[in-house]
Amino acid sequence: MKYFIGHQYRLPALIIITIVVAAAVILFTRGTKSIEVQPDLQQDHGAAITDTIPDLQPVREFSEFMTQELDSSHTVGAAYTIVYDGDIVYTGTYGVKRRGGISEINEHTIFRLASVSKGFAGALACLLEQEGAFSLDDRIIDHYPGFRLKDSINTVDLTIRNILSHTSGLVPYAFDNLVEANEGLVPIISRLHEVDISAPPGDLYGYQNVLFSMLDPIAAGATGISYPLLLKEKLFEPLGMVDASAGPVKGYRELNMAYPHMKTKDGYVPLKPHQGYYNVMPAAGVNASIADMGQWLLALLGNGPGKLPDEVCSMLATPVIYTPLKSRYTRNWKPFRERYYSLGWRIYRYQGREIVYHGGYIRGYRAEIGYCPEEKVGIAFLQNSPNGLASKSVPAFFDLFFEHEDAQKPDYY
């Protein structure tokens with residue numbers, strides 16, 4: 001069911017007529033609502049989003065919230081998209097690709113997704129299991145000869161499901177320092193036997209990037225196809241993600257790519273594009289536009305071209321392990337206790353619903369994504385100038401959406 005709201009404008013008659021006609025077209029087509037960017041060259045932080053009237057009341061309220069927050073946070077460039085009931089109902093773009101430039105962010109501008117990449121790895125692994133390439137319960141040692149950890153039990157018992165759910169038993173963030181030093185994945189894996197172990201596989205949650213990214217050589221070995229090409233053939237192309245890729249991007253000037261930025265006392269400054277964390281592609285190596293993220297959300301909710309199998313959608317939304325996250329990670333959410341991890345996704349039991357979620361940060365970029373299968377709704381947010389708005393975006397949207405939906409229910413519900 002769609003919800004619409006009215007709005008009073010004191011405008012000349014011709015403009016009122018134009019708005020009415022445009023609204024009628026929107027009601028008829030139920031297509032994507034795209035926000036046009038009007039560049040203000042006098043403001044370094046980018047352009048304000050021009051107003052449109054989304055179909056859903058909470059979407060309208062959220063777009064107004066985002067307009068204010070993007071301006072007040074001096075964000076350089078950002079984009080967000082909302083899907084509902086099988087449609088992309090709203091897509092907003094803001095600002096410029098590089099501070100000081102005039103090239104605007106549009107729906108096909110590419111951002112780095114950082115740890116939001118993990119959701120693609122989880123989906124790919126589920127698809128490969130369905131195709132018989134391997135089982136998620138296969139042992140790592142059966143797919144990666146010579147694999148060794150500090151404890152023989154963990155070495156023998158560790159499975160693909162364990163690495164994708166962060167239940168390896170290794171202390172968290174093992175060898176992220178080597179990842180940040182841009183060492184290759186294979187040499188880092190060869191040193192995992194040096195890492196301390198806190199529990200047997202499956203018992204405890206401990207976030208990993210290196211172990212998670214062992215899906216790369218395992219999937220390539222099982223299929224004979226490289227990890228970036230697997231993502232392209234199994235996910236990006238079938239789902240209509242025309243701008244998406246995995247691995248380093250070359251030629252920012254030639255491509256429609258958002259530059260990374262860092263905040264200083266003088267405001268945001270552009271950074272030189274860097275290769276950090278591309279050495280762990282399953283964990284942090286995907287690049288995508290907001291148009292891609294709309295297609296991705298549709299697929300995760302069981303819609304769109306080349307839709308994901310229902311079994312895969314169900315697996316991604318099924319908790320594997322409880323995650324005792326620190327409060328700083330959920331400070332923008334209303335209080336809740338049930339927090340889990342599945343296969344490349346966090347799962348929050350929030351306001352009586354289940355939200356499948358992940359966030360990502362890499363120097364110069366922020367990405368956020370969340371969707372609620374029960375309500376058939378989801379949101380993604382991409383930013384090339386990290387600030388606190390990214391952390392607010394997903395919970396702010398769901399709070400507005402759930403409040404609106406709950407208000408529609410009868411008292412006896």
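The values are calculated or read from the model by the stated rules, or taken from the named source; none is laboratory data. Remember, predicted model here, so these are calculated numbers, not experimental data. Here the Cβ positions follow ideal geometry from the backbone for every residue, glycine too, while neighbour counts run over all protein chains shown.
Points worth noting:
- Answer residue from the range 221-256, given it is among the aromatic types (Phe, Trp, Tyr) and either at pLDDT below 95 or within 18 Å of Leu308 (Cβ to Cβ) (or both) and is surrounded by the most Cβ atoms within 10 Å (Cβ to Cβ) among those: Phe236
- On the stretch given as the range 272-301, residues that are touching a Pro at 6+ places or on another chain (Cβ under 9 Å), at pLDDT below 95 and closer than 26 Å to Ala121 by Cβ total 3.
- Hey, Ser135 of a type in the set (Gly, Ala, Ser), in contact with a helix residue (DSSP H, G or I) (Cβ under 7 Å, 6 or more places away or on another chain) and either assigned to a helix (DSSP H, G or I) or over 23 Å from Ser226 (Cα atoms) (or both) or not: no
- Residue match in the range 304-323 (condition: without any contact (Cβ under 8 Å) to a residue 40 or more places away in the chain and assigned to a helix (DSSP H, G or I)): yes
- Top-ranked residue in the range 389-412 [being of a type in the set (Phe, Trp, Tyr) and either surrounded by fewer than 23 Cβ atoms within 10 Å (Cβ to Cβ) or part of a loop (DSSP other than H, G, I, E, B) (or both); ranked as modelled with the highest pLDDT]: Phe402
- Members of the range 106-130 that are among the aromatic types (Phe, Trp, Tyr) and more than 14 Å from Arg366 (Cα to Cα): Phe120
- Residue match in the range 151-172 (condition: among the hydroxyl-bearing types (Ser, Thr, Tyr), free of Cβ contacts under 8 Å to residues at least 40 places away in the same chain and crowded, with 18+ Cβ neighbours inside 10 Å): yes
- Pair list, Cβ under 7 Å, 6 or more apart: the range 354-376 residue under 15 Å from Asn332 (Cβ atoms) and without any contact (Cβ under 8 Å) to a residue 60 or more places away in the chain, other residue assigned to a strand (DSSP E or B) and hydroxyl-bearing (Ser, Thr, Tyr): Ile355/Tyr348; Tyr357/Tyr348; Gly370/Tyr357
- Within the range 114-132, the set of residues being at negative phi and among the hydrophobic types (A, V, I, L, M, F, W, C) comprises Val116, Phe120, Ala121, Ala123, Leu124, Ala125, Cys126, Leu127, Leu128.
- Sole residue being without any contact (Cβ under 8 Å) to a residue 12 or more places away in the chain and assigned to a loop (DSSP other than H, G, I, E, B), chosen from Pro386, Pro335: Pro335
- Gly344 being closer than 22 Å to His166 by Cβ and part of a strand (DSSP E or B): no
- Single residue of Phe111, Phe120 found to be more than 27 Å from Gly224 (Cβ to Cβ) and buried (at least 22 other Cβ atoms within 10 Å of the Cβ): Phe111
Conditions tested, residue by residue: (1) more than 22 Å from the chain's Cα centre (by Cα); (2) in a helix (DSSP H, G or I); (3) of a type in the set (D, E, K, R).
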site	(1), (2), (3)
Asp216	no, yes, yes
Ala219	no, yes, no
Leu230	no, yes, no
Pro238	no, no, no
Pro248	no, no, no
Arg253	yes, no, yes
Val269	yes, no, no
Tyr277	no, no, no
Asp292	no, yes, yes
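- Test: Gly370 is within 28 Å of Asn287 (Cβ to Cβ), of a type in the set (Gly, Ala, Ser) and part of a loop (DSSP other than H, G, I, E, B): no
- Test: residue in the range 335-344 that is within 28 Å of Leu136 (Cα to Cα), surrounded by 18 or more Cβ atoms within 10 Å (Cβ to Cβ) and out of contact with any Ser or Thr (no Cβ under 9 Å at 6 or more places or on another chain): no
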